[in-house]
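S.K.: Right, I'll just put the structure down here and ask away after.
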Amino acid sequence: MTARLSIGEFSIMTRLSKKALRHYHELGLLEPAQTDPDNGYRHYDTSQVRTAQVIRRFRGLGMPVPDVKAMLSAPDVETRSEIIAAHLGRMEHQLGETQQAVAALRELLTPAPEPISVELRQTPATLVAAISETVALQGITRWFSEAVTEIWAALAVAGEAASGPSGGLYSAELFTEERGAVTVFIPCPQSMGAGRVRSLELPAAEWAVTLHTGRHRAIDRTYGALGSYVAERLLGVDGPVRENYLPDGPDGLQRTEICWPVFQTSAR
């Protein structure tokens, strides 16, 4: 047997405020059992308490209202579980981003790093297997991972071996406009093409090069130090920044060469 409840009683039982209950009513997420046509008072039923508690729990976990609505109206357990699993995946992704942000903030509290070591380097024209596209900065990590995987797969199918470490060229617009041209490449002495992968000759260039050791999340500090080195010596020229992804060091840390385009005015 169920009983009729005022909105105040229902609010106390479910820990949902009157404001939240009115909002969920307007959204069609939790409609009262009865609404008085004369005064607009909302009345709920005790059978709705469990539903309200479920809504409060999932909204507290950040699930969007449309997903909560879809979960409550799911025709079977499997569909309901898929909706919950999808939201769990988003939460885990957000948690990972938060953990990276916390680690980056802690690194800013550490003493300033030692001055970087910079090498002025000339690279000859190089034939590479590459994928070039205009990419949004926000999605660069996933795009890069998929592109590198695709290039390695194309090399394997063609029976070709890499002649150097993988790398990337990043246009200034990627950073200044949050969208720009990106080329990810793997040196390969033979011309080839498969899917998005195309042979490309990287032109000869001059660079100021330094090594970043560790996770990519802290690479901005190395970029800042190298960019300052180049600017203070009036060496910089227009062009994409290059990154070379070297094998991990003996300590297991990632190693990335950052190459800033320069115009040399004296011998090394």
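The values are calculated or read from the model by the stated rules, or taken from the named source; none is laboratory data. Here the structure is a predicted model, which means the values were calculated and not measured. Neighbour counts run over all protein chains shown; Cβ positions are idealised from the backbone, glycine included. Heads up: the accessible areas ignore ligands, DNA and RNA and are worked out on the full protein's heavy atoms, side chains in. Shrake-Rupley method; radii C 1.70, N 1.55, O 1.52, S 1.80 Å.
S.K.: What is the projected area of the convex hull of the Cα atoms of the stretch 51-94, averaged over all directions, in nm²?
M.R.: Here the figure is 2.9 nm², rounded to one decimal.
S.K.: Computed FRET efficiency, Cβ-Cβ of Lys18 and Val102, R0 41 Å: what is it to the nearest 0.05?
M.R.: Once the sixth-power term is evaluated, E becomes 0.65.
S.K.: Over the stretch 155-268, how many percent of alpha carbon pairs lie in each 5 Å bin up to the one with the longest distance?
M.R.: P(r) over the stretch 155-268, rounded to whole percents: 2, 10, 17, 21, 19, 16, 10, 4, 1, 0.
S.K.: Accessible area per residue, 1.4 Å probe, Å², for the stretch 216-268: what's the number?
M.R.: 59 Å²
S.K.: When all alpha-carbon pairs of the chain are counted, what percent fall beyond 28 Å?
M.R.: Cα-Cα pairs in the chain separated by more than 28 Å: 56 percent.
S.K.: Further, regarding this structure: Mind checking the alpha-carbon convex hull of the stretch 1-130 and giving the volume per residue in Å³? Before the final figure, lay out each step's value.
M.R.: Details: hull volume 30.8 nm³, N = 130.
Per-residue hull volume (Cα only) is 237 Å³.
S.K.: How much accessible area per residue does the stretch 1-53 have, in Å², with a 1.4 Å probe? Show your work: numbers first, answer last.
M.R.: Values: 3460 Å² over 53 residues.
On a per-residue basis, the stretch 1-53 sits at 65 Å².
S.K.: Let me know the longest stretch in the chain that avoids all chymotrypsin sites (Phe, Trp or Tyr not before Pro) found in a DSSP loop with at most 14 other C-beta atoms within 10 Å.
M.R.: 42-262
S.K.: Note down the nm distance, to one decimal, between modelled labels 7 Å out along Cα→Cβ at Glu160 and at Ser47.
M.R.: Modelled inter-label distance: 6.8 nm.
S.K.: Still on this structure, I have one more. When a/c reaches 1.5 or more, the comparison of a/b and b/c decides; with that in mind, is the stretch 120-206 rounded, prolate or oblate per its Cα gyration tensor?
M.R.: In terms of gyration-tensor shape, oblate.
S.K.: Which three extents, in whole angstrom, do the alpha-carbon atoms of the stretch 176-216 cover along their principal axes, largest first?
M.R.: 31, 25, 22
S.K.: Right, here's the next one. Which values of log₁₀ I(q)/I(0), to two decimal places, follow from the Debye formula for the stretch 13-60 at q = 0.27, 0.32 Å⁻¹ with a uniform point scatterer at every Cα?
M.R.: At q = 0.27, 0.32 Å⁻¹ the computed log10 ratios are -1.12, -1.45.
S.K.: Using only the Cα atoms of the stretch 23-97, what do you get for the radius of gyration and for Dmax, in Å?
M.R.: Cα-based Rg and Dmax for the stretch 23-97 come out at 14.8, 51 Å.
S.K.: At a 1.4 Å probe radius, carbon and sulfur cover how many percent of the accessible area of the stretch 75-225?
M.R.: Looking at the stretch 75-225 in its full context, I get 57 percent from C and S.
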